[in-house]
Amino acid sequence: MQRRDHITTYLDNLRGVLNELSLADVERVLELLERAYDEDRSVFICGNGGSAATASHWACDFSKGTVAPGARRLRMICLNDSMPLLSAYANDVSYEQVFAEPLRTFAKPGDLLLLLTASGNSPNILRAAEAARDSGVTTIGLIGFGGGKLKALVDHAVVVASRDYGPVEDLHMILDHVISLHMREFIARHPAASR
């Protein structure tokens, strides 16, 4: 494939993924995050590999990028950001529990967990969804590949049919910017902002 053909093929594929995105599903994510903010809940997020990097980026954009003068801050904690804690659970318990165990430590009923995954089948993501359910934590799956096993375990999902990792991960990054910018505006104008 020629260089230009490669570029246009990838971008056309990404446009297709964007065009298939359910705006109603994204609006539901906004609603859940607004409610979490209104109720002063913590928001947790995690992913593996490229999705771990995306989860870290989400946590940065939400923790710093949504700050408004005089407003209560939104708390987003990335469960894959503590390498010592992650490696301790991987070594001493199992890699399947690296997100579930910290979630059991830090989360309270009513908190929110976002799970980023292309396949929807990573065992540690599935265990985190189960731990969240057991802890009374609301779950959102941002999933590719049609949803995988995770789709049935979460309270709400934004599912991309694509089976290509790149466009799925691109979409998750786009959603970070769409959603975090919305939350910054919501926090700045919301009556609860000064509480």
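The values are calculated or read from the model by the stated rules, or taken from the named source; none is laboratory data. Since this is a predicted model, take the numbers as computed values, not measurements. So basically every Cβ, Gly included, is an ideal-geometry build from the backbone, and we count neighbours across all protein chains shown.
Scanning segment 146-158 for residues that are surrounded by fewer than 20 Cβ atoms within 10 Å (Cβ to Cβ), touching a residue at least 24 places away in the same chain (Cβ under 8 Å) and not in a loop (DSSP other than H, G, I, E, B) yields GLY146, LYS151, HIS156. Residues of segment 151-188 being under 23 Å from GLY65 (Cβ atoms) and of a type in the set (Asp, Glu), which ones? Matches in segment 151-188: GLU169, ASP170, ASP176, GLU185. On inspection, ASP12 passes the criterion of being surrounded by fewer than 14 Cβ atoms within 10 Å (Cβ to Cβ) and of a type outside the set (A, V, I, L, M). For segment 159-195, residues that are surrounded by 19 or more Cβ atoms within 10 Å (Cβ to Cβ), of a type in the set (S, T, N, Q) and modelled with pLDDT under 95 total 1. Do we find that HIS156 is modelled with pLDDT of 95 or more, out of contact with any Gly (no Cβ under 9 Å at 6 or more places or on another chain) and closer than 29 Å to ARG15 by Cβ in this structure? So HIS156 does not fit the description; no.
Pick out the one residue from SER63, SER22, SER51 that is more than 16 Å from ARG184 (Cα to Cα), in contact (Cβ under 8 Å) with a residue 12 or more places away in the chain, polar (S, T, N, Q) and surrounded by fewer than 19 Cβ atoms within 10 Å (Cβ to Cβ).
Working: SER63 fails: more than 16 Å from ARG184 (Cα to Cα); SER51 fails: surrounded by fewer than 19 Cβ atoms within 10 Å (Cβ to Cβ).
Every option except SER22 fails the conditions.
For (1) in contact with a Lys or Arg (Cβ under 8 Å, 6 or more places away or on another chain); (2) polar (S, T, N, Q); (3) within 26 Å of PRO167 (Cα to Cα); (4) surrounded by fewer than 19 Cβ atoms within 10 Å (Cβ to Cβ), each residue gets a yes or a no:
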residue: GLU27; (1), (2), (3), (4): no, no, yes, yes
residue: ALA59; (1), (2), (3), (4): no, no, yes, no
residue: LEU79; (1), (2), (3), (4): no, no, yes, no
residue: TYR95; (1), (2), (3), (4): no, no, no, yes
residue: PRO123; (1), (2), (3), (4): no, no, yes, yes
residue: ARG133; (1), (2), (3), (4): no, no, no, yes
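Just one of the listed residues (GLY110, GLY49) is on the phi > 0 side of the Ramachandran plot and out of contact with any Gly (no Cβ under 9 Å at 6 or more places or on another chain), and it is GLY49.
Residues considered: GLU31, GLU27, GLU96. Of these, the only one that is touching a Leu at 6+ places or on another chain (Cβ under 9 Å) and either part of a helix (DSSP H, G or I) or not aliphatic (A, V, I, L, M) (or both) is GLU96.
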